[in-house]
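Student: Mind looking over this structure? Questions follow.
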Amino acid sequence: NELLLEAANLGYAKANSDLSKVFKFGFGGFEEDLGEAYSRASVAFAIDRSNEDAAKMLAIMFHENASEYSPYLACYYANMRQIKISRKARVASILTSIAQRFRN
């Protein structure tokens, strides 16, 4: 837990994303802290906009927190995650077509 916290504080997006989950659900000896969870997910997403886990956590937290609910932001983060998945599919399709050209 200390290493994860240290890595996150050094600016590693994955560590911040993982800490977001830890604080959201109170895993691994950390107490549940929604403010810290949101902060860590925001930092992870700011460092790496392709971080699917951070985008998913932000979308979940916006959806669950009705007092500060923002349909626009919840949709934005959900769409960012979907765009990342779509890009992977597009790249796979391009690589497949290139491989087929070389086979022929």
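The values are calculated or read from the model by the stated rules, or taken from the named source; none is laboratory data. Keep in mind that what you see is a predicted model, and the values were worked out from it rather than measured. Ideal geometry is used to build each Cβ from the backbone, glycine not excepted, and the neighbour counts take in all protein chains shown. SASA here: full protein model, heavy atoms, side chains in, ligands and nucleic acids out. Shrake-Rupley method; radii C 1.70, N 1.55, O 1.52, S 1.80 Å.
Student: Here's a check for you: in the stretch 3-50, which residue that is assigned to a loop (DSSP other than H, G, I, E, B), open to solvent by 90 Å² or more (accessible area, probe 1.4 Å) and of a type in the set (Phe, Trp, Tyr) is nearest to Phe62 (Cα to Cα)?
Tutor: Filtering the stretch 3-50 for residues that are assigned to a loop (DSSP other than H, G, I, E, B), open to solvent by 90 Å² or more (accessible area, probe 1.4 Å) and of a type in the set (Phe, Trp, Tyr), the one nearest to Phe62 (Cα to Cα) comes out as Phe27.
Student: Could you give every pair whose Cβ atoms fall below 9 Å, whose first residue belongs to the stretch 39-63 and is under 14 Å from Leu19 (Cα atoms), and whose second residue is part of a loop (DSSP other than H, G, I, E, B) and open to solvent by less than 50 Å² (accessible area, probe 1.4 Å), counting only separations of at least 6 or pairs across chains?
Tutor: Taking only residues 6 or more apart or on different chains, the pairs are Ala41/Asn51; Val43/Gly11; Ala44/Asn51; Phe45/Asn51.
Student: Considering each residue of the stretch 62-74, count those that are in a helix (DSSP H, G or I) and either modelled with pLDDT of 80 or more or surrounded by fewer than 17 Cβ atoms within 10 Å (Cβ to Cβ) (or both), and give that number.
Tutor: Qualifying residue count, the stretch 62-74: 8.
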